[in-house]
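The values are calculated or read from the model by the stated rules, or taken from the named source; none is laboratory data. Fair warning: this is a prediction, and the values are worked out from it, not measured in the lab. Using ideal geometry, Cβ is built from the backbone for each residue, glycine included, and neighbour counts are taken over all protein chains shown. With ligands, DNA and RNA removed, areas are computed over all heavy atoms of the protein, side chains included. Shrake-Rupley method; radii C 1.70, N 1.55, O 1.52, S 1.80 Å.
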Amino acid sequence: MSRMRTVLPGVLVAIALALGAAWFFSTHERKQETVKLPPRGEATYNPLYALKLALRAQGQVVASRQRLDVAEMALRPGDTVVLLGDPRTVTPTQWDDLFAFVDAGGHLVLRLPGWQKGVNPAGTLAEWLPIQPLLLPARCLSLRIPGQPDHVEFCRAPRFRLADDARPLAAWRNDQGLHAYARFAQGRGTVDLAGSLEMLDNRSLRDVPHQVFARQLLAPGWGAGRYHLVYAADMPPLWRWLLDRAWMALLPLALALLAWLWMRSQRFGPLLASPPAARRSLLEHVQASGEHLLRYGRFGTLHAAMRDAVLDRLRRRDPLAAALEGDARATLVAQRSGLGVREVRAALDTRPPRDKREFRERIARLIDLRTRL
């Protein structure tokens with residue numbers, strides 16, 4: 001019987017665990033879920049990061065940078081330079097170096113600047129390439145890849161016309177002859193000009209049609225040299241970057257600053273100041289009463305009040321001297337205060353002052369005697 005009592009709780013616990021496990025596995029199902037994490041590291045600021053990894057996976061030598069520095073890049077024939085930024089930020093000296101590199105056998109990939117009505121932003125490119133300087137507004141072009149759904153591209157990119165003597169190696173245009181892409185021979189190298197290079201950024205490169213276009217765009221330098229990806233040649237100024245990216249932090253800070261200034265600033269109100277509120281300060285009433293008595297020549301009243309205050313302190317400090325009168329009190333007070341008997345007798349004189357001068361002198365004596373007690 002004792003053995004049954006020992007085994008029975010264990011059996012009950014095992015049965016409960018088995019029932020719980022059976023219920024869990026019958027009501028739950030294991031599934032795999034893929035969660036896309038936000039980009040980290042270089043992927044957060046380099047729009048050509050995916051292209052960089054893809055080229056390295058294909059065995060190509062790739063270097064990416066934010067600024068265009070031809071001297072530091074050490075360009076050689078067979079290399080490819082991809083300028084993702086606005087070509088208007090390239091200096092004339094850099095244009096000379098870039099096209100000297102192309103003449104020696106390099107490959108250069110450029111994009112058009114943004115289109116603005118009544119503005120001629122492609123004037124510099126027209127000096128180097130056989131295109132007309134006037135750009136035209138954007139219009140979508142169809143991109144068809146076998147086995148892939150139809151795409152439309154360059155919907156936000158401007159169009160350009162070729163010069164009369166232009167002989168492109170490859171081109172992409174619509175029925176009206178407006179080009180969105182063209183490849184030109186330059187010396188021993190080539191230059192690719194596209195309305196936009198958005199198909200090369202991290203998000204667009206996920207699509208197979210964009211991958212095919214990127215492969216054809218970079219074909220002249222494939223396996224011949226290094227790829228130099230310049231992804232921020234037109235870095236915006238700090239204030240513009242803060243307005244675009246940091247407004248969620250700047251807006252609460254600005255509101256907090258305005259609230260603090262509102263709290264610390266002077267309130268709006270009437271032009272005339274409000275009348276002073278009634279006060280009940282005892283010292284102010286005493287001072288006002290004394291000034292009133294002094295103005296009307298009540299010197300005796302003020303002198304008697306001050307003499308009574310001195311005698312009150314004398315009673316607290318020396319009750320024996322306060323109980324005496326005449327010369328006896330004057331002698332004891334003189335011994336305690338260090339003054340002469342005559343000075344003490346004159347200070348404690350009960351006669352009222354005759355004028356303001358005598359009033360001030362006797363009040364001064366009483367104050368001095370009071371401080372010495």
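Observations on the model:
- Residues with amide H under 5 Å from that of Leu143, placed H, sequence gap 5 or more: His151, Val152, Glu153
- Two-decimal log10 I(q)/I(0) for segment 181-262, as the Debye equation yields it once each C-alpha is a single scatterer, q = 0.15, 0.18 Å⁻¹: -0.75, -0.93
- Farthest toward the positive end of the dipole of the chain, out of Ser337, Pro38, Gln58, is the Cα of Ser337, where the dipole comes from beta carbon charges about the Cα centre.
- Segment 114-227 shape via C-alpha gyration tensor axes, a/c threshold 1.5: oblate
- Under 5 Å, built H, 5+ apart or other chain: amide partners of Gly187: none
- With the simple spin-label model, which puts each label point 7 Å out from Cα in the Cβ direction, the Leu373 to Asp165 separation comes to 11.9 nm.
- Segment Ala256-Lys31, length gained on full extension (0.36 nm per residue, minus Cα span): 76.3 nm
- Given +1 at the Cβ of Lys and Arg, -1 at the Cβ of Asp and Glu and no other charges, the dipole of segment 44-137 around its Cα centre is 400 debye to the nearest 20.
- Residue-by-residue Karplus 3J(HN,Hα) for segment 336-350, coefficients 6.51, -1.76, 1.60, Hz, glycine and proline x: 6, 8, x, 8, x, 4, 5, 5, 5, 5, 5, 5, 8, 5, 8
- Long-range Cα-Cα pairs in segment 261-358 (distance over 20 Å), rounded percent: 59
- Dipole magnitude for the chain: about 2520 debye, using +1 per Lys or Arg Cβ and -1 per Asp or Glu Cβ, origin at the Cα centre.
- Calculated SAXS-style log₁₀ I(q)/I(0) at q = 0.15, 0.22 Å⁻¹ - segment 33-110, Debye, Cα scatterers: -0.62, -1.14
- Amide H partners (placed H, <5 Å) of Arg111, local residues excluded: Ala194
- Electrostatic dipole magnitude of segment 70-117 [Cβ: Lys, Arg +1; Asp, Glu -1; Cα centre; debye, to 20]: 280
- Couplings 3J(HN,Hα) of segment 211-223, computed from phi: 5, 5, 5, 4, 5, 6, 5, 9, 5, x, x, 5, x Hz, in residue order, whole Hz [Karplus 6.51 cos²θ - 1.76 cosθ + 1.60, θ = phi - 60°; x for Gly and Pro].
- The chain: relative contact order as a whole-number percent, Cα under 8 Å and 6+ apart: 16
- The helix-based estimate of mean residue ellipticity at 222 nm for the chain, built from -39,500 (n - 2.57) per DSSP H run of four or more residues and divided by its residue count, is -14000 deg cm²/dmol to the nearest 500.
- Residue by residue, segment 58-64 carries 3J(HN,Hα) couplings of 8, x, 8, 8, 10, 9, 10 Hz when phi is fed to the Karplus relation 6.51 cos²θ - 1.76 cosθ + 1.60 (θ = phi - 60°); x denotes Gly or Pro.
- Residue (of Val191, Met263, Tyr296) at the positive-pole extreme of the chain, dipole from beta-carbon charges: Tyr296
- Highest-first arrangement of 350-363, 181-194, where packing means the average Cβ count within 10 Å: 181-194, 350-363
- Here the accessible area is traced with a 1.4 Å probe on the protein chains. For segment 117-165, carbon and sulfur cover 50 percent of it.
- Computed from the Kirkwood radius of its Cα pairs, the Stokes-Einstein diffusion coefficient for segment 1-160 at 4 °C and 1.567 mPa s stands at 59 µm²/s.
- Prolate/oblate/rounded label for segment 86-153 (Cα gyration tensor, a/c 1.5): oblate
- The residue among Gly10, Pro237, Val102 whose Cα reaches farthest toward the positive pole of the charge dipole of the chain, with charges on the beta-carbon of Lys, Arg, Asp and Glu, is Gly10.
- Ordering of 247-253, 306-312, 223-229 by burial proxy (mean other Cβ atoms within 10 Å per residue, highest first): 223-229, 306-312, 247-253
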